[in-house]
1. Once you place label points 7 Å from the Cα toward the Cβ at B:Glu371 and B:Leu470, how far apart are they in nm?
2. With r as the distance between the Cβ atoms of B:Leu111 and B:Val383 and R0 = 60 Å, compute the FRET efficiency 1/(1 + (r/R0)^6) and round to 0.05.
3. Residue by residue, what Karplus-based ³J(HN,Hα) values in Hz, rounded to whole numbers, does region B:324-333 have, using 6.51, -1.76 and 1.60 with θ = phi - 60° and x for Gly and Pro?
4. With Cβ to Cβ distances under 12 Å as the rule, what net charge do the other residues near B:Gly302 carry (K, R +1; D, E -1)?
5. May I ask you to evaluate 6.51 cos²θ - 1.76 cosθ + 1.60, the Karplus curve with θ = phi - 60°, for each residue of region B:429-436 and list the ³J(HN,Hα) values in order in whole Hz, giving x for glycine and proline?
6. Step by step: find N for chain B, compute 2.2 N^0.38 Å, then divide the Cα radius of gyration by it. What's the final number?
7. So how far, in whole Å, is the C-alpha centre of region B:212-248 from the one of region A:184-200?
8. Rounded to the nearest 5, what % of DSSP beta bridges with both residues in region A:59-204 are antiparallel?
Amino acid sequence: MIRLPRFVRPGRVAAVAMAAAAGVVTLTLAGCDGGSIANSSDPGNSGNSFVGASYSSKFFQVGSRPLAPAVTGTLLTGQSFSLRAQRGHVVVLNFWGSWCAPCRQEAPILGTLATDLRGKGVRFFGDNVLDSPDSAEAFERTFNIGYPSINDQGEQVALAFHDTVPPSAIPSTLVIDRAGRIAALVVGAVSFNGLKALIDSVLTGKS
Amino acid sequence: MTAGVADVAGKGMTRPGKAKFGPVAWLRWIWRQLTSMRTALVLLFLLALASIPGSVLPQEGIDPAAVAQYYTAHPALAPVLAKLSGFDVFGAPWFAAIYILLFTSLAGCVLPRAYRLAKSSRQPPPKAPRHLGRLPQSTDFPAAGPADEALAAATRMLRARRFRLRTGDGWVSAEKGYLHEVGNLLFHLALLGLLASIALGGLFGYKANKLLVAGEGFANTPTALDVFHPGRLVTASDLQPFSITMTKFTASYITSGSQRGQPANFNASLSYTAQPGGPVGHYDLQVNHPLNVDGVQVFLIGHGYAPTFKVTDGTGRVVLDQPVPFIPVEEAGLSSDGVIKVPDAKPQALGFSGEFLPTAYETITGSVGSEFPAANLPRVVLVGYEGNLQLNNGQPQSVYSLNTSQMRRIDYPIKMLAPGQSIVLPHGLGKLTFTGYRQWASLAITYDPGQLPALFSALAALAGLILSFLVRRRRIFVRVSENGNGTVVQLGGLTRSDAAGGFEVEFAELTGEFKRRLGSAAGSSAPAKSAVDETSKDGADEVALAQSKGE
């Protein structure tokens, strides 16, 4: 019953990889086995990889991208949120919690990219799970996060992606293209270059 | 398994002749070896043997924290064991190899056997042997009427006893007890079914744990679950999309007598939806009364307290205001340990570790404890730390342990806090208030599509076993001939499987009835003999003859 940080087990990465259908480029990285608690002292491959210390990532080519579900929620600020209203923007949706160590590791990267790419029409949103609003807001102050987060204590946003590309661990990051279709899922902490490359390829894609 | 299988499988055990040992012969030989009874038993034993490390070593799937501890305790050995799948024995390739070989072995043995039985069950019994006296059970006696009448009467009798019959010139063969073979087969097929059911669960099932604080809810999605063990072919999309909120948790305890402090009742009031936007159901979850949502069972397996805290940091902002689950460390008073991490407090990250005491007491020597599991006098005792929680380096850590290696103890007098009381931290580090408590329930979520098939397979295996032990397959042969003195009826009996014994008795009864109905000496009954020995048989014949003459 002990709540441990949620990470994909190596077996799950394999299962995810198997599930990748034709048209889906699956990048299961050499550092994937860092997923288990026992092996988590492995820093993963920190070199020039597409994504950094993440456990797996999926990229969907234009034409094979599943339509993102209608996601609505309330932001930590109290305002309401609708994913559909973001059509026309590339949306980066990051699932996080203030207690989660890899989330804290990737937070500065997300914060910087959100600012850098705003001018290119990229909108970052967080989905705060298993947390309390006070802790979440303190986290945002620490890492100087400028983008809003959904207060999702019942995991209803993660559940909304059940039929498409559900996030399988915390952190997970979804990239949704301008047409509202899911272009990528990164499970585990993102790297600066990796996530930027992902977003760039979505930005330069046809949609 | 019974000897019958060994016999069938055993036929294939001889190696092909050395002269013609080509690739096909090799393959045939390997297949026969694999499907032999001996191999199946060896594999079954190996499977049991291979399970041992699974119970000796901590398993990733059961207790990841224990695996992590094992890594710390045995830094040299652990990676080697991990390479050998020592921490995931039941998911190991070598375990799967044994399992699949056993499955193949059983299937290769049972399926052809089922086919043969199905064929043989439609065949009539064999012809009666010429010399019935050589059978394990035999007797003969003179009959009253002509031979054909005696034979017809014998046939009627055997038919009345529901034997399967085959008749010929002066003889009738009868066979009964096909259910023995059916039972035997049922047992083996059920064993296959059991293995298949377990495989089904292992591939498509999953297990998860969730600690849920009263008033909170969660969705059945991997990110929400504390521990998640999916089957080999389970993806996040396969999880049934239910949501559960625990509105209330009540625990009652026996308050007096020798059983004082023992739990009397636990009840978790749940509201749930089977899918987003679906109708809301309500369920009172109790121990051993799982909630069933969409084929998934949700069990109540544990409970505890989550004291609630509010932490204000040095800048005056609230940086934490929530229940923090503490883990019970003893049953009698439910004293519970826990940690509070405040990574975003300024100027310094804070950490507290301590104890929640539901019904607190303090001795004159100053030691504290809890004397009753209900929260009659809730208190917390906390030790505070400031510094680096080491959460920002990305290494996952348990929310139930505090790594103080890069932290300093905050100097304040340690005492029990009552709800509403605070610790004002020195050096402008902030303030912690113990605001109250909630209860939490630990839920086990299991989905095992193989569970029902496994139950039915086990019941079928049991039924098959009982059937094959209780029913014996036996043949009765009757030959009727006429010699100079009149009609002689010869009876022979043979059983192929008599695990429970008693065929001799049945044969004797049958013989008795035959003699009463057909015998020239109606009413007399000679004891049936079971000897194969010629001399004793002759002797018995004389006795039978003498008796008939005496009449």
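The values are calculated or read from the model by the stated rules, or taken from the named source; none is laboratory data. Just so it is clear, the structure is predicted and the values come from calculations on it, not from any experiment. So basically every Cβ, Gly included, is an ideal-geometry build from the backbone, and we count neighbours across all protein chains shown. What goes into the accessible areas is simple: the full protein's heavy atoms, side chains included, and nothing from ligands, DNA or RNA. Shrake-Rupley method; radii C 1.70, N 1.55, O 1.52, S 1.80 Å.
1. 5.9 nm
2. 0.35
3. 10, x, 9, 9, x, 10, 8, 7, 4, x
4. Working: positive: B:Lys210; negative: B:Asp226, B:Glu331.
Its environment carries a net charge of -1.
5. Whole-Hz 3J(HN,Hα) from phi for region B:429-436: 7, x, 8, 10, 10, 7, 8, x.
6. That works out to 1.56 for chain B.
7. With region B:212-248 and region A:184-200 each reduced to a Cα centre, they are spaced 26 Å.
8. About 60 percent, rounded to the nearest 5.
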